[in-house]
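Contents: one structure, followed by commentary.
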Amino acid sequence: MEEILRTIELEFTTLEFHENFVISRVREGVIISKKQVHDLVEVCSDIYKGKKFVYISKRVNNYNVDPTIYLNIKHVKNLAGIAIVSTKASSINMANFEQVFSKVPFSVFMEMEDALEWVKDILAK
């Protein structure tokens, strides 16, 4: 995996920034809503400054996502895609439901290596 360039702790997640992707590990019990997405967009926009990137959610904890948040991220022009990585059936099922709402490329993986290969493909387009 690429070197971590920067790590930022937000109230609800830890973000590991790499050259062209960010890995998020949301804390247990969080509800991801418009406020959290606004905070994520703000931080990612500052780090990537118009450069294409992919958001990877490494779902190791249990938390909830308001799926309508995906309808509001289409304005993030440099967001090339969203990947969800989890081995939990409940997280995979939820991510597959969330995918319906996404206006950017969105894929679900059980292994981080597969997600990183997908990142390369998405950014090459």
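Take every Cα pair under 8 Å whose residues are at least 6 apart in sequence, average their separation, divide by the length of the range 6-124, and the relative contact order is 22 percent.
A simple rule links phi to the HN-Hα coupling: the Karplus curve 6.51 cos²θ - 1.76 cosθ + 1.60 with θ = phi - 60°, which for the range 85-96 gives 10, 7, 10, 7, 4, 5, 5, 5, 4, 5, 5, 5 Hz, with x for Gly and Pro.
For the range 35-47, putting each phi into the Karplus relation 6.51 cos²θ - 1.76 cosθ + 1.60 with θ = phi - 60° gives couplings of 4, 5, 5, 4, 5, 4, 4, 4, 5, 5, 5, 5, 6 Hz, in residue order, rounded to whole numbers and with x for Gly and Pro.
When the pairs 35/125; 34/88; 51/88; 34/125; 51/103 are compared against a 27 Å limit on Cα-Cα distance, 35/125; 51/88; 34/125 fall above it. Ranking of 38, 18, 75 by neighbouring Cβ atoms within 10 Å, starting from the fewest: 75, 38, 18. Its DSSP H runs of at least 4 residues, each contributing -39,500 (n - 2.57), put the calculated 222 nm mean residue ellipticity of the chain at -10000 deg cm²/dmol, to the nearest 500. For the range 6-124, what class follows from the C-alpha gyration tensor (a ≥ b ≥ c being the square roots of its eigenvalues): rounded when a/c is under 1.5, otherwise prolate if a/b is larger than b/c, else oblate? In terms of gyration-tensor shape, rounded.
For residue 77, a cut-off of 19 angstrom between C-alpha atoms picks up these aspartates and glutamates, skipping any fewer than 8 places away in its own chain: 19, 39, 42, 46, 121.
Cβ-to-Cβ counts within 10 Å put 24, 57 in ascending order as 24, 57, the fewest first. For residue 30, the residues whose amide H sits under 5 Å from its own are 64, ignoring neighbours fewer than 5 places away on the same chain, with H placed 1.01 Å from N. Under a 5 Å amide H cut-off, with hydrogens placed 1.01 Å from N, residue 103 pairs with nothing among residues at least 5 apart or on other chains.
Every number here is computed from the coordinates shown, using simple stated rules; none is lab data. As the structure is a computational prediction, the values presented were derived from the model and not from experiment. Heads up, the Cβs are rebuilt from the backbone with ideal geometry, glycines too, and the neighbour counts pull from every protein chain shown.
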